[in-house]
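Engineer: My questions will all concern the structure given below.
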Amino acid sequence: MAVSELGVPDSRICTIAAQVDGVAAANGANAAPGALEEIAGPVAAGRLRVPIAATFPIDEIRRAAELQAGRHVQGKIVIDL
């Protein structure tokens, strides 16, 4: 919601997040065109599991970024918008 209110297009979220110290750009900011669509199918079909390390509400995004920056996370950090 906050991103939408600021007028940031969905396609720029990962690229912007990659500019934060300690956040790696390996989250899709450098992905080839069509990469998300290619991986979404196996995830949706249950053939590929994506481990979730933690989920945070948007108002705790700083805590989520700090956890990710620590580089000891085993799984994805999810921000609930």
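The values are calculated or read from the model by the stated rules, or taken from the named source; none is laboratory data. Please read these numbers as outputs of a predicted model, since none were measured by experiment. Quick reminder, even Gly has a Cβ in these numbers, built from the backbone with ideal geometry, and neighbours come from all protein chains shown. Heads up: the accessible areas ignore ligands, DNA and RNA and are worked out on the full protein's heavy atoms, side chains in. Shrake-Rupley method; radii C 1.70, N 1.55, O 1.52, S 1.80 Å.
Engineer: Consider only pairs whose beta carbons are under 7 Å apart and that are at least six residues apart or on different chains; among these, list those whose first residue lies in region 32-58 and is without any contact (Cβ under 8 Å) to a residue 24 or more places away in the chain and whose second residue is of a type in the set (D, E, K, R).
Structural biologist: 57/80
Engineer: Considering each residue of region 67-81, count those that are open to solvent by less than 70 Å² (accessible area, probe 1.4 Å), outside any helix (DSSP H, G or I) and either more than 20 Å from residue 36 (Cβ to Cβ) or among the β-branched types (Val, Ile, Thr) (or both), and give that number.
Structural biologist: Counting residues in region 67-81 that are open to solvent by less than 70 Å² (accessible area, probe 1.4 Å), outside any helix (DSSP H, G or I) and either more than 20 Å from residue 36 (Cβ to Cβ) or among the β-branched types (Val, Ile, Thr) (or both) gives 5.
Engineer: Related question: Can you tell me how many residues in region 50-66 are farther than 11 Å from residue 77 by Cβ and in a helix (DSSP H, G or I)?
Structural biologist: 3
Engineer: Further question: For residue 20, which of the numbered conditions (1) more than 11 Å from the chain's Cα centre (by Cα); (2) at pLDDT 75 or above fails to hold?
Structural biologist: Residue 20 satisfies all of (1) more than 11 Å from the chain's Cα centre (by Cα); (2) at pLDDT 75 or above except (2).
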